[in-house]
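Let me begin by presenting the structure, written as structure tokens, before commenting on it.
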Amino acid sequence: MSKQDITGLEGSLRYYFRNKGLLSEAITHTSFHHENPGEAPLYNERLEFLGDSVLGLVVVEFLFKSDKNYSEATMSKIKSYLVKEAVLSDIAADISLGKYLRLGKGEQETGGRGKKSILADAMEAVFGAIYFDGGYESARDVILRLLTDKIDAATSSEQFFDFKTDLQEESQVKFGVLPQYKMVKQEGEEHKKMFTIDVFIKGDKFGRGMGRSKKEAETIAAKEALVKIKASV
């Protein structure tokens, strides 16, 4: 990894390291370390662990200061959603982090630069490196710059609620069974399909959902079912 390459990543982050070695460590996967121990004596797992904690604090602090006065339970749900692999790998893709990663040959050959788990871990490691290099405020600035749109989207659309899990728990407590999802229909062209799914509890229909994927339709159906169950209490 040349100095010029690292500068390109710093430009995407809009943060320039005093200790370039920290950024190099953050983008070094364990597979590269094992193949090149002399060149890369350190790899990113420790920084990833640190970055995970820093990220969680930044998100909770942001939500705590919000004028929406989120409850502890809601903040916990939003935080869990925002720090998951899918969201972090999307952020990593936005800044083309994958092309900067130092990977072993085997990992490169199996598409490691595009693996969500590797991208998410490296993104957390980068956050940890920024915190260690420039302190909390620097890390917070970078994290919020990269994450604010995700936070806004999640809170406005309620993406952070896991309605299917909530319904499963509610159904087991109140009815002693798990909910059952049934495909009603799918329509539209292959790349524009719409799915309609009903959810049943003990044979009774409790909700219907329509979405561009089965998961989205099931989530909407579960949300409707939860509203119905709570209204009957």
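Quick note: the coordinates plus some simple rules give every number you see, no bench work behind them. Computed from a predicted model, the values in this text were never measured in an experiment. So basically every Cβ, Gly included, is an ideal-geometry build from the backbone, and we count neighbours across all protein chains shown.
Charge dipole of the stretch 1-86 (Cα centre as origin; +1 on each Lys and Arg Cβ, -1 on each Asp and Glu Cβ, all else neutral): 360 debye, rounded to the nearest 20. Please check which bits of the stretch 11-53 a label hung off Ser96 would reach, taking the label as a point 7 Å along Cα-to-C-beta and the cut-off as backbone N under 15 Å. Within reach of a label on Ser96, which here means backbone N under 15 Å from a point 7 Å along Cα→Cβ, the stretch 11-53 contributes 11-14. For Val184, the residues whose modelled amide H falls within less than 5 Å of its own, excluding neighbours fewer than 5 places apart on the same chain, are Thr196, Ile197, Asp198. In terms of surrounding Cβ atoms within a 10 Å radius of their Cβ, Val59, Val177, Val126 rank from fewest to most as Val177, Val59, Val126. Ordering Met210, Met123 from the fewest to the most neighbouring beta carbons within 10 Å gives Met210, Met123.
Here the spin labels are modelled as points 7 Å beyond Cα on the Cα-Cβ line, and at Glu109 and Phe200 they lie 5.0 nm apart.
Going from the residue with the fewest nearby Cβ atoms within 10 Å to the one with the most, Ser71, Ser138 rank Ser71, Ser138. Each residue of the stretch 133-150 is assigned a 3J(HN,Hα), and the resulting list reads 7, x, x, 5, 4, 5, 5, 4, 4, 5, 4, 5, 4, 7, 10, 4, 4, 5 Hz, derived from the Karplus form 6.51 cos²θ - 1.76 cosθ + 1.60 (θ = phi - 60°), x at Gly and Pro. Taken about its Cα centre, the stretch 90-233 carries a charge dipole of about 560 debye when Lys and Arg each add +1 at the Cβ and Asp and Glu each add -1 at the Cβ. Taken about its Cα centre, the stretch 3-157 carries a charge dipole of about 180 debye when Lys and Arg each add +1 at the Cβ and Asp and Glu each add -1 at the Cβ.
Among the GluC sites (Glu not before Pro) in the stretch 184-229, those located in a DSSP loop and surrounded by at most 15 other Cβ atoms within 10 Å of their own Cβ are Glu189.
Using alpha carbons only, how many degrees (0 to 90, rounded to 10) separate the axis of helix 45-64 from the longest principal axis of the chain? Compared with the principal axis, the helix lies near 50 degrees.
Taking a sphere under 15 Å around the Cβ of Ser117 and counting the other residues whose Cβ falls inside, with K and R at +1 and D and E at -1, yields a net charge of -4. Computed per residue of the chain from DSSP H runs no shorter than four, each worth -39500 (n - 2.57), the mean residue ellipticity at 222 nm is -19500 deg cm²/dmol. Segment Ala231..Glu187, full-extension length gain: 12.7 nm, with 0.36 nm per residue of separation and the alpha-carbon distance subtracted. Taking the charge dipole of the chain about its Cα centre, with +1 at Lys and Arg Cβ atoms and -1 at Asp and Glu Cβ atoms, the residue from Ser213, Ile27, Leu88 reaching farthest to the positive side is Ser213.
Electrostatic tally near Asp52: other residues with Cβ closer than 10 Å to its Cβ, Lys and Arg +1, Asp and Glu -1, net -3. Dipole orientation for the chain: of the candidates Ser117, Pro37, Val142, Ser117 has the Cα lying most toward the positive pole (charges on Cβ; Lys, Arg +1; Asp, Glu -1).
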